[in-house]
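The values are calculated or read from the model by the stated rules, or taken from the named source; none is laboratory data. Please read these numbers as outputs of a predicted model, since none were measured by experiment. A quick note on method: Cβ atoms are made from the backbone with ideal geometry, for glycine too, and the neighbour counts reach across all protein chains shown.
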Amino acid sequence: MRKKIIAGNWKMNKTLEEGQSLASEVVNIAADEVAADVNLVLCTPAIHLGAVASITKSSDKVSVGAQNMSEHESGAYTGDISADMVLSTGASYVILGHSERREYHNETNAQLGDKVKLALSKGLTPLFCCGETLETREAGNHVSFVNEQLKDSLFDLSAEEMQKVVIAYEPIWAIGTGVTASTDQAQEMHKSIRDSIVSNYSQSVADEISILYGGSMKPANAQELLAQPDVDGGLIGGASLKSRDFIEIAKSY
């Protein structure tokens, strides 16, 4: 049974105090309003991780994730955070390969593959992001482009390792733009991703992997998107910064 996951990516927002307040609101509201089979993940700035993990530790619905981690275990990498550091805060997830990391920090498929392997070896669940630009989609190359990202970063994992990865499809042209992929576009790409996993592993492996949609999901469109057979949740940006909006998305199941 694939997990239903609604993950919030706070990006570079919220002071420590604001983040604690938001996390408390989510935990308290989720306890009463979110179904037991829906898993919420708060992916916070690194300085928030320990404080937010303390707030969520008593919740059976809300987990914590980092927004990034280094491919190195430790060393002279000023400003980076290691997998062990993430784990030590109480976080259990980590976003890897977000389009903003790829674009602004030049993260490569090979580098991300190393990050995924290290995260898995430490017991962290990678939220692996993939997705195409508007130019790539308009050229009709979106399916092959995303499959290349998966192949280069994930498909040398064992079947056992692969089943522990969560994939987030994020059409770059729909992030922070207010534009959302149509339900048909979202389902097409999610099915393509799952079919690619079947081809490289097996149907049983593909059936275990949650694939999240990460392009401007909000309360108004969440129900329609989450109703698609291969959409198993969402990686939420702006709407995750308001507890009520985030919870309403989770309730869309």
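Taking the stretch 53-64 as the search range and keeping residues that are more than 17 Å from LEU16 (Cβ to Cβ) and of a type in the set (Gly, Ala, Ser), which one is surrounded by the fewest Cβ atoms within 10 Å (Cβ to Cβ)?
Out of the qualifying residues, it is SER58.
Determine whether the stretch 70-88 contains at least one residue that is under 29 Å from PRO171 (Cα atoms) and within 16 Å of the chain's Cα centre (by Cα).
Yes, some residue in the stretch 70-88 is under 29 Å from PRO171 (Cα atoms) and within 16 Å of the chain's Cα centre (by Cα).
Consider the stretch 31-41. How many of its residues are over 13 Å from ALA7 (Cβ atoms) and either surrounded by 23 or more Cβ atoms within 10 Å (Cβ to Cβ) or touching a helix residue (DSSP H, G or I) at 6+ places or on another chain (Cβ under 8 Å) (or both)?
3
If you go through the stretch 242-253 one residue at a time, how many are surrounded by fewer than 21 Cβ atoms within 10 Å (Cβ to Cβ) and either within 15 Å of GLY178 (Cβ to Cβ) or among the aromatic types (Phe, Trp, Tyr) (or both)?
Selection size over the stretch 242-253: 2.
Among the residues of the stretch 116-123, are any modelled with pLDDT of 95 or more, crowded, with 19+ Cβ neighbours inside 10 Å and not in a helix (DSSP H, G or I)?
No.
Can you pull out every residue in the stretch 65-85 that is hydroxyl-bearing (Ser, Thr, Tyr) and either touching a helix residue (DSSP H, G or I) at 6+ places or on another chain (Cβ under 8 Å) or crowded, with 24+ Cβ neighbours inside 10 Å (or both)?
SER70, SER74
Residues that are crowded, with 22+ Cβ neighbours inside 10 Å and out of contact with any Phe, Trp or Tyr (no Cβ under 8 Å at 6 or more places or on another chain): find the helices (runs of 4 or more DSSP H) completely inside the stretch 163-229 holding 2 or more of those.
Correct list: empty, since no element meets the threshold.
State all residues of the stretch 33-56 that are more than 18 Å from LEU235 (Cα to Cα) and charged (D, E, K, R); if no residue qualifies, say none.
GLU33
Starting from the stretch 1-18, take each residue that is closer than 13 Å to ALA168 by Cβ and list its partners that are part of a helix (DSSP H, G or I), counting only C-beta distances under 7 angstrom and pairs at least six apart or across chains.
Between residues of the stretch 1-18 that are closer than 13 Å to ALA168 by Cβ and residues that are part of a helix (DSSP H, G or I), the close pairs are ILE6/ILE249; ILE6/ALA250; GLY8/SER240; GLY8/PHE246; ASN9/SER240.
Tell me, please, whether a residue that is among the small types (Gly, Ala, Ser), in contact with a helix residue (DSSP H, G or I) (Cβ under 8 Å, 6 or more places away or on another chain) and under 19 Å from ASN9 (Cβ atoms) can be found in the stretch 108-118.
no
Would you tally the residues in the stretch 132-156 being buried (at least 18 other Cβ atoms within 10 Å of the Cβ), of a type in the set (Gly, Ala, Ser) and free of Cβ contacts under 8 Å to residues at least 24 places away in the same chain?
Here the count works out to 0.
Could you check how many residues of the stretch 211-242 are free of Cβ contacts under 8 Å to residues at least 12 places away in the same chain and either in contact with a strand residue (DSSP E or B) (Cβ under 7 Å, 6 or more places away or on another chain) or among the β-branched types (Val, Ile, Thr) (or both)?
Result for the stretch 211-242: 0.
Count, please, the residues in the stretch 24-64 that happen to be over 11 Å from ALA91 (Cβ atoms), touching a residue at least 40 places away in the same chain (Cβ under 8 Å) and aliphatic (A, V, I, L, M).
7
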